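J.: First the structure, which I've put down as structure tokens, then a few questions once you've had a look.
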Amino acid sequence: LVDQMMKTMEQYANNLEKVVAERTGMLEDANVRADRLLSQLLPKYIANELKNGRSVPPKTFSQSTVMFCDIVGFTNMCSNATPQEVISMLNSVYSGFDEIIERREAYKFLAGYVIPHRRGEKMTVRLGFHTGPVAAAVVGLNAPRYCLFGDTVNMASRMESTGEPQKTQISEATHLMLERHYPEYITTYRGPVEVKVKWILYD
């Protein structure tokens, strides 16, 4: 009887170890996925601070370049597409932007993207850039978001909204930054455009 009890307890212990190992593996996989998702939603150093339970104070950047992008005719595209097609298209666009950030070949991707559910029709976009100071902060506790604030963000939005389809419109500040640091970029003078005040624009 004692031998039988010992064998039963040993078997139970072995099974328990197996279950614990499986659950530990599942937990580790879940943590890896959560870390990967957090790193995709937030800058890496901020994601690391939040994972370690540390607060992230707001930060000011003296010079940043902010981009706004608009898919021209997006509402019409959505009205003639299934939800799955819209999600697939947006996933492709966002994945493309991720590659762009790594390779710095923005226009090459955007100019050639074909809309799958529109029979070979190419996507048309408007891009707007402005360079200047911004404040950055993590907003929200349960679903933290990394947000930028300041006139630079507002002006970048206006660069996009007053731009022309399939063109990149940049402010004079961005043009001067490119001239100084990336002279290989060629810009074309567009002229003054009314955006509350007059700014010299390039595309």
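The values are calculated or read from the model by the stated rules, or taken from the named source; none is laboratory data. Because the structure is a prediction, the values reported are computed rather than measured. Cβ coordinates were reconstructed from backbone atoms using ideal geometry, including for glycine residues, and neighbour counts include every protein chain displayed.
J.: Can you pull out every residue in segment 147-166 that is among the β-branched types (Val, Ile, Thr) and under 29 Å from Ile46 (Cα atoms)?
T.: First, pick out the residues of segment 147-166 that are among the β-branched types (Val, Ile, Thr): 152-153, 162.
Correct list: Thr152, Val153.
J.: Let me ask something else about it. Looking at segment 57-66, can you tell me whether even one residue there is more than 30 Å from Arg126 (Cα to Cα) and at pLDDT below 80?
T.: No, segment 57-66 contains no residue that is more than 30 Å from Arg126 (Cα to Cα) and at pLDDT below 80.
J.: While we're here: Mind listing just one residue for me: the one in segment 68-119 that is surrounded by 15 or more Cβ atoms within 10 Å (Cβ to Cβ), outside any helix (DSSP H, G or I) and β-branched (Val, Ile, Thr) and, of those, modelled with the lowest pLDDT?
T.: This residue is Ile115.
J.: Right, another one. Would you check if there is a residue in segment 44-59 being in contact with a Lys or Arg (Cβ under 6 Å, 6 or more places away or on another chain) and either within 30 Å of Glu172 (Cβ to Cβ) or of a type in the set (Asp, Glu) (or both)? Explain how you work it out, then say what you get.
T.: Step one: of segment 44-59, the residues in contact with a Lys or Arg (Cβ under 6 Å, 6 or more places away or on another chain) are none.
For segment 44-59, residues in contact with a Lys or Arg (Cβ under 6 Å, 6 or more places away or on another chain) and either within 30 Å of Glu172 (Cβ to Cβ) or of a type in the set (Asp, Glu) (or both): absent.
J.: Quick one: count up the residues across segment 50-86 that are touching a strand residue (DSSP E or B) at 6+ places or on another chain (Cβ under 9 Å) and within 25 Å of Tyr146 (Cβ to Cβ).
T.: 18
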